[in-house]
Structure formats: C-alpha cells, structure tokens
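Below is one structure; the comments refer to it alone.
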Amino acid sequence: MILTAIVDSIEPAALPIMTTEEILKEITSRDTTMVWKAACEIISLGQNRDEILPLITHINEIKETTRGLSMGGGFAPNQRFLDYALRIIEFHKNNSSCTCKLYLDKYECNDPNKEANKGNIIIEDITRFEDRWIDYYITKCQKCGQKFKTIEREGHYTWWEWTSIK
Ligand SMILES: [Zn+2]
C-alpha cells in the first residue's frame, strides 16, 4: 500500500532517461514497480519514433510477461500506464501517420507543458476560468502542424483531454 502511494506521486517525466535495453529488461521483469517505471518511460518517449522502434520486435514478449500483473493504484489505476505504453508501441508498429495522434488516446496524463518542453508541440493560447484556472490550451504539433484543444481539469490529479481542431 505504501509503495502504491509513492508510485502514484511520481510523474512520468520526472524519471531519468533509460536505454532501450533497460526499458525492455524492466518491463518484462514482472516486478510491478519496474514495469510501471518502464511504461512511464515509454510514454515519455511516445512521440519519438526512433526511440520506440527497437521495442516493436519485442511487443509479444512484453504483452506475455505483463499479462495478469496486479499494477495497483487507487483512484487512478496504474494499469493505465502499462496499457498506454503498449498502445504506443502498437501505434508505431502499425501506423505511419504523425505521432501526435497518440494525444487523442483515452490516456489522460499527456501534459501539454511537458510536451512543449520536449519540443513536441507549441502552446499557442491558454483560456482561463476567472483569469486564474486553466480551462484549455490551443496546442499545435511541431511536426505536422495539427492543432488541438487541450482541456485541463483537476480531480484527484490533474488530467487533460486532447481533441483535434479541423
Ligand atoms: Zn503531428
């Protein structure tokens, strides 16, 4: 239980960068803390096709070894990190369209500020409630120019929902 609380409090982007070998070793370890860490690393690298490509040939191995793991988590199950990490690898395996499509996934922790810091998007505008709290961002993919409305909400944690703007 204590471990789960710690895991909940660490954000994906706060982790040190891992090599592909380290990611693979940890995500197939069946140690749920290591699996979670590796999944967060994959999420953090999600927009970088070159970093994800070496994992594609291991997708079946990763699925096999992570099946049935009890990932824990309270209000926000940690399983969502693993599931999204697997969908990211699948996306890069099956898709040649721009990686910004991954922001449209139901995964709700793609922080536009972190994505902007990584150079993946630019934040063009921010609309606030009562001049204070953020309602939504207008964001733009740095690779293909696709624009998004990125809603920010606070619950038990901050989450975002991305929808593409035509
Ligand atoms: Zn794009």
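The values are calculated or read from the model by the stated rules, or taken from the named source; none is laboratory data. The model shown is predicted, which means the values in this text are computed figures rather than measured ones. Here the Cβ positions follow ideal geometry from the backbone for every residue, glycine too, while neighbour counts run over all protein chains shown.
Annotations
- Within region 140-160, the set of residues being touching a helix residue (DSSP H, G or I) at 6+ places or on another chain (Cβ under 6 Å) and more than 8 Å from the ligand (Cβ to nearest atom) comprises Thr150 only.
- When Asp125, Asp135, Asp83 are checked against the criterion of being outside any strand (DSSP E or B), free of Cβ contacts under 8 Å to residues at least 60 places away in the same chain and either away from the ligand (no atom under 13 Å from the Cβ) or closer than 23 Å to Arg49 by Cα (or both), Asp83 stands alone in meeting it.
- A count restricted to region 31-63 and to residues that are within 15 Å of Leu86 (Cβ to Cβ) and assigned to a loop (DSSP other than H, G, I, E, B) stands at 4.
- Ile126, sole failed condition from (1) in the same structural domain as Arg30 (by TED's automatic domain parsing); (2) more than 30 Å from Asp31 (Cα to Cα): (1)
- Residue within region 98-120 that is in a loop (DSSP other than H, G, I, E, B), more than 14 Å from the ligand (Cβ to nearest atom), loosely packed, with under 13 Cβ neighbours inside 10 Å and within 14 Å of the chain's Cα centre (by Cα) present: yes
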